[in-house]
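What follows is a set of notes on a single structure, which appears directly below.
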Amino acid sequence: MRLLLLLAMLAVSASSWSYEYPINDPYLATIAGTPGPLKADLPADAKLKIRHLPKTTAWKIPEAMWYSARLEYSYRLQRGPAPLIFAISGTGGFHNSGKNLALLKAFYQAGFHVVGITSPTHSQFVVAASRTGVPGHQRNDAKDIYRVMQQILGEIGHRDRITGFNMVGYSLGAANAGFVAELDSRERKINFDKVLMINPPLSLYSSISKLDRMLQNIPGGLDNFNLFFDRVVQAITNAYKRSSRVEFSPDIVFEAFKANPPTTEELAALMGVTFRLSSSALIFTADTRTNFGFIKPANVTLTRNSSMSLYAQPSIRVGFTDYYHEFFWPFYEPQYPGETRDSFAEQHSLRSIQDFLQGARNVGLFHNRDDVILAAGEIDWFPTVFGDRATIYPNGGHLGNLEYTEVMAGIVGYFK
Amino acid sequence: MNHRLVALLVFLSAIALGGCSTAPIVKGNSPDETVFSAQEVDSADVDWPLDVYDPLEGMNRTMYRFNYHADRWVLLPLVDAYRFVMPGFVRKGVVNFFDNLFGIRTLMNQVLQGRPVRALQTTGRIAVNTTLGIGGLFDIATPLGIRYDEEDFGQTLGVWGVKPGAYLVLPFFGPSSLRDGFGLGVDSAFDVWLDPLDFDDHPGRRWVYYPFMVADTRDRVTFRYYNTGSPFEYELVRRLIRTVREIEVQK
């Protein structure tokens, strides 16, 4: 018995100093995540409270999106005094979607107050909390998130129990966290003690281009998009049948293909489709909110009962880069005289806050050498800027290793 | 009880049909040009995988919205209260109980589908769980390796070759089809006729049965209306449910 105990302790301590995430194909890692036995031990139920912020009066909520009028968030406070951590979801992610939920559970378990923030690219955020209604603009999105965080702090109260403020974000949420931290360093309204960025894109534009290109891996080319999309729908359906859960986030799609992993090309295409579902929601919502005339004609008003079927198809067929060139840039161009299409793209890159990140001793970074949202060579930028505040794992793809015991322990440990 | 339910359904349908136009409001003679349109990105000869036959879309969308409100104000508070009051093992017992009770429905449909082996297995399950499992509260059959199936009359019609037909969103029950909606009616009528819990002689039992049945049914499904984060949720769910049902028919 004692021998067993000793062996178990050895196994545990061994795993705490060695990083051995087992999946070396970065696309497979992204989609399959961490195999069950290697996952960090987290409670099954996060027991989060879910609340809404009051409806804004600063702009009109489109009638067809009445259900997104108020921004939802989740939180859970410890009984006694503790520091608080805001967790910002990735592209298109809800405050309590898969990966954010895992982070919230891990932090609460480790003794922190936790608050889950929906991504500014999620449809509900675009309708309820985005001042411009055209997301992806890193400085504007940071202002929106910063305002939302302060509103939430006002709503949840118990300031006497909160001993400090921290922030974490993954994927696009990590880039958001960087820009919010930069904003906070100037405005000093929250004063973050520690900030952690997990697998951020370096240049938003280069990452979205890469995500769009992933669809070229569709067997038979883009002309077979429908066929492939149909297969994805079938696979999601099967996953849905098993889990009786429906959420059109990357998580459910990844779940769908776990059981029967396809080839690397198909995996890349699948990842592309996954982000395409997010981008279609973002694009159509921004279009409806602003009446830009991108996919919905500007003189058409959708009612609560209006059919969206006509717009679903083009929304899914256009990509992030189309959004950037034909909507985002034309929308912002009048406000930025002197900028070009390319120089404006650079404003939404972490390079534009490089000086801040270089000097910010309270901002840390976790990344993977083989992250598939980064262009070739981009990973090398991070250690040069973050120095010893950067932890770069050798594999894991895009967040595939997030729930790996060793990585989760590192993430939680960063805030200790 | 049942004619009241029917009256309610008729009433709700009337409301639904009242506000059923799916056409958007257009200012001027025709919609403006857009940057991208369906014609531009797709050739007409390709089937779009999201399309489902939905001539009742206006009513369906109204019903979809009704279900959101029914969830928010009635069903989800009931589920919350149920989860708060009942410990996990009790809820598990309730799940087992209803699985066993609705096994009769499955059995009936397996017979109608001409699947004697599966019908025999289901009979075995019901026999074991009703006796050894104390009226169905415990599931003894699964550890014994006896297969579990769920069949309904909608699936039986599917096996007989009936196509699902128009998409239909039912009040409370959610996404369905003309075929499956009709099937649900037949299954319910069969349950009332069979009366396995002997409501005819013990009408008071209904007051226990229905709250538990409704709470348990909603508790099993984690789906929440308007929570997928897509403005195309209605279209995506419609496609998903259609595909799920066709797979269930084939199974």
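What to note about this one:
- Hits in region A:179-199 (condition: crowded, with 24+ Cβ neighbours inside 10 Å and either small (G, A, S) or in contact with a Ser or Thr (Cβ under 7 Å, 6 or more places away or on another chain) (or both)): A:A181, A:N199
- Residues of region B:180-233 that are touching a strand residue (DSSP E or B) at 6+ places or on another chain (Cβ under 9 Å) and aromatic (F, W, Y): B:F223, B:Y225.
- Screening region B:159-173 for residues that are among the aromatic types (F, W, Y) and closer than 30 Å to B:L76 by Cα and picking the one that is surrounded by the fewest Cβ atoms within 10 Å (Cβ to Cβ) gives B:F173.
- Considering each residue of region B:75-88 in turn, none proves to be assigned to a loop (DSSP other than H, G, I, E, B) and touching a residue at least 12 places away in the same chain (Cβ under 8 Å).
- If you go through region A:59-103 and keep only what is within 12 Å of chain B (Cβ to nearest Cβ) and over 23 Å from A:L277 (Cβ atoms), you end up with A:E63, A:R70.
- Near pairs, Cβ below 9 angstrom, 6+ apart or cross-chain, from region A:255-278 (assigned to a loop (DSSP other than H, G, I, E, B)) to any residue that is β-branched (V, I, T) and modelled with pLDDT of 80 or more: A:P261/A:I31
- Residue match in region B:75-95 (condition: crowded, with 18+ Cβ neighbours inside 10 Å, within 19 Å of B:E248 (Cβ to Cβ) and under 18 Å from the mean Cα position of the chain (by Cα)): no
- Restricting region B:229-245 to residues that are closer than 22 Å to B:G158 by Cα and of a type outside the set (A, V, I, L, M), the residue that is nearest to the other protein chains (Cβ to nearest Cβ): B:T243
- Residues that are assigned to a helix (DSSP H, G or I) and touching a residue at least 60 places away in the same chain (Cβ under 8 Å) occur in region B:166-181; there is at least one.
- Taking region A:316-334 as the range and being at the interface with chain B (Cβ under 9 Å from one of its Cβ atoms) and at pLDDT below 90 as the test, the residues that pass are A:I316, A:R317, A:V318.
- For beta carbons closer than 6 Å, sequence separation of 6+ or different chains, a first residue in region A:386-397 that is among the polar types (S, T, N, Q) and a second that is assigned to a strand (DSSP E or B) and at pLDDT 95 or above, the qualifying pairs are A:T391/A:F366.
- Positions within region B:58-79 being of a type in the set (G, A, S) and at the interface with chain A (Cβ under 10 Å from one of its Cβ atoms), in sequence order: B:G58
- Filter result for A:G111 (closer than 20 Å to B:S230 by Cα and modelled with pLDDT of 95 or more): no
- Checking each residue in region A:335-370 for being out of contact with any Ser or Thr (no Cβ under 8 Å at 6 or more places or on another chain) and either under 26 Å from A:D193 (Cβ atoms) or within 14 Å of another protein chain (Cβ to nearest Cβ) (or both) picks out A:S352, A:I353, A:Q354, A:D355, A:L357, A:Q358, A:G359, A:R361, A:N362, A:V363, A:N368.
- Looking only at region B:99-158, and only at residues there that are among the aliphatic types (A, V, I, L, M) and free of Cβ contacts under 8 Å to residues at least 12 places away in the same chain, the one that is surrounded by the fewest Cβ atoms within 10 Å (Cβ to Cβ): B:V117
- Flag if A:M214 is of a type in the set (A, V, I, L, M, F, W, C), more than 30 Å from A:V273 (Cβ to Cβ) and touching a helix residue (DSSP H, G or I) at 6+ places or on another chain (Cβ under 9 Å): no
- Annotation note: of A:T30, A:T56, A:T34, the sole residue that is touching a His at 6+ places or on another chain (Cβ under 7 Å) and either surrounded by fewer than 16 Cβ atoms within 10 Å (Cβ to Cβ) or away from chain B (no Cβ under 14 Å) (or both) is A:T30.
- In region A:283-295, the residues that are in contact with an Asp or Glu (Cβ under 9 Å, 6 or more places away or on another chain) and within 7 Å of another protein chain (Cβ to nearest Cβ): A:G293, A:F294, A:I295
- Some residue of region B:90-112 being assigned to a helix (DSSP H, G or I) and under 30 Å from A:R304 (Cβ atoms): no
The values are calculated or read from the model by the stated rules, or taken from the named source; none is laboratory data. These numbers come from a predicted model, not from an experiment. Please note: Cβ atoms are built from the backbone with ideal geometry, for glycine as well, and neighbour counts cover all protein chains shown.
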